[in-house]
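Report on the structure given below.
Every number in this text was worked out from the coordinates using simple rules, so none of it is lab data. Here the structure is a predicted model, which means the values were calculated and not measured. We place every Cβ from the backbone using ideal geometry, glycine too, and count neighbours over all the protein chains shown.
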Amino acid sequence: MKKVFTFILMAAAACTLQAKVYTFADLSQIEGSGVTVASDGAYVLTMSTGLTEPMSLDGGGIIVSKSDLTLADGNGLKINDGEVIKFSDKARIVMNGLLEADVQDATITATDDATGTALGIRLFGAQSKAVLKNLTMKYVGITFGPDGSDGNLVADGCTFDSFNGKMGTSNINFTSESHGNVVNNCTFTNGQVACVACGSNVPCGIDITNCVMDKNGVSGRLTPAINMGLYGAYDINIENNVVTGRAVVTRTGGIAVSHLMGGEFTGTVTIKGNTVTDNSYGITLTGPGKVIIENNVVKNNRYIASAMNGGSGINITANTGGAIARIRGNEIEGNMWGITLIGPKAGSELPLIEVDLGTATDPGLNTFKDNGNDGTNYSIEAGNLCDLYNNSGSEVYAVGNTWNVADQNDLDAIEAVIYNMNDDDSLGEVIFAQETGIDEVKTAAATDGRYYDLMGRPVANPTAGIYIHQGKKVIVR
């Protein structure tokens, strides 16, 4: 019995020791791995396309096929400072372990340019985790799917350039349930498709913050720079990013969150402090979900073939209802439409959308300027301006905003830049001026307490005029 027990302990120890962290220097020393050292010192991964069946190397630590270099489950891969790694056509690393690139400077690229077919790195399985700091990835991408484990991806200070789109529809693509993900202070430029995305049925908790996403969507496909599906219970935070389109007619948008599949989304999406310009549209929620859209600059998102297909600064669409949106403090300028709302009409058995654009006690503070179209093209000629289009049966409060009119107290002028029940009685009303419905008070001077103008905006030092004070209409003479 003693010998058997000893054998079991030795076997268990052997299993534990099997987990290994490879470097590219290690892989280059394993014959048949496909990793070689070029004359310039770069590591080059070339797939053995002539293999008819997978080949196990290094005691089973890696498996090579004609399409992949696969690390055995639990094995990791470390990229060291100063390294340059090049993937040849169709080359891909597959792993279920820790990918670590905590460097000052290292590059993963391709032997060819963006027209080539180099793929990148795929992480999948419960042991997957990625730590990427100051790494440059050019042409190639990364997919991450830890199958609902505690594994997460952190990319901080990384550069992603000219992604060729061969790995998927996004430079960083989340393919199965994960949370605690962070993409911070990264730069994405000239990619064929999206920068960061997850599937519509993939629960993904993530913070996307302080990133620059410039002129991506080169392919012209329907792939916004940030394209997150809504599913499960995790929150999504998209804050302080600069998302700049290519300023050419395309279908590529800025920031999109969408609930397109069955299943419930109980998290909250916060889209805050971003600058989104020169795309086919700015910010959109599609399907049921809760979103907070605050303090963004949404400008010149009008690069779409027809205004009937897009061009909104902010869009909330939920044809089956269930969308809840709070919209505050945004600068919305130069789009084909300012804000568009699409949802069930009154009398439908479907739940109405709930959109809050401001109340008298919690003003919207959104600013609208030069948003409009002639039905096809961008136009701010008389009669073409559109700050808010309520194509739903929902009553929408939109008090305390600055509309694209000369006089913010000219209610008729404001009504002319809003489409709602007054234009089509099947639609809900937009309430943009707070009704007092109470006593009138005349005073020679302002007294203590907070004052609001007739649009619900706070006024620090009231002069002569009409205001709302303590729930009453006050005339200051």
Quiz item: Working out 0.36 nm times the residue gap between Asn190 and Ala346, then minus their Cα-Cα distance, what length gain in nm do you get to one decimal?
Solution: 51.8 nm
Practice problem: Sticking with the crude label model, points 7 Å out along Cα→Cβ, report the distance from Asp73 to Ile292 in nm, one decimal please. | Solution: 4.0 nm
Quiz item: Where the centre of each part is set by its Cα atoms, how far does the range 197-225 sit from the range 226-283, in angstrom?
Solution: 7 Å
Exercise. Could you sort 381-389, 343-351 so that the peptide with the highest average Cβ count within 10 Å comes first and the rest follow in order?
Key: 381-389, 343-351
Exercise. Round to a whole angstrom and tell me the spacing of the C-alpha centers of the range 78-97 and the range 153-179.
Key: 14 Å
Exercise. Compute the label zone of Asp362 within the range 391-433: residues whose backbone N is under 16 Å from the point 7 Å along Cα-to-Cβ.
Key: 396-401
Quiz item: What net charge do the residues around Gly205 carry, taking every other residue with its C-beta under 10 Å from that of Gly205, with Lys and Arg at +1 and Asp and Glu at -1?
Solution: -3
Quiz item: Once both labels are modelled 7 Å past Cα along the beta-carbon direction, what's the Leu51-Asn319 spacing in nm?
Solution: 4.6 nm
Self-check item: Sum of side-chain charges, Lys90 neighbourhood, beta-carbon under 10 Å (Lys, Arg +1; Asp, Glu -1)
Solution: +1
Quiz item: Each label point is 7 Å from the Cα along the Cα-to-Cβ direction; what then is the distance between the points at Thr159 and Asp235, in nm?
Solution: 3.3 nm
Quiz item: Can you give the net charge of the other residues whose Cβ lies under 11 Å from the Cβ of Leu135, counting K and R as +1 and D and E as -1?
Solution: -4
Quiz item: For Asn309 and Val248, what is the calculated FRET efficiency with R₀ set at 22 Å and r taken between the beta-carbons, to the nearest 0.05?
Solution: 0.90
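So which of Lys166/Lys290; Lys86/Lys133; Lys129/Lys299 end up more than 26 Å apart by C-alpha? It would help to have the intermediate numbers written out before the result.
Details: Lys166/Lys290 33 Å; Lys86/Lys133 18 Å; Lys129/Lys299 37 Å.
Violating the 26 Å limit, Cα to Cα: Lys166/Lys290; Lys129/Lys299.
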Quiz item: By how many degrees, between 0 and 90 and to the nearest 10, does the Cα long axis of helix 2-18 differ from the longest principal axis of the chain?
Solution: 60 degrees
Quiz item: Among Gly310, Gly282, Asn237, which residue has its Cα positioned farthest towards the positive end of the charge dipole of the chain, with +1 placed on the Cβ of Lys and Arg, -1 on the Cβ of Asp and Glu, and the dipole taken about the Cα centre?
Solution: Asn237
Quiz item: What is the fewest-to-most order of Ile62, Ile342 by other Cβ atoms lying within 10 Å of their Cβ?
Solution: Ile342, Ile62
Practice problem: Provide, in order from the shortest bin, the percent of all Cα-Cα pairs of the chain in each 20 Å bin, continuing until the bin that contains the maximum pair distance. | Solution: 22, 44, 24, 9, 1, 0
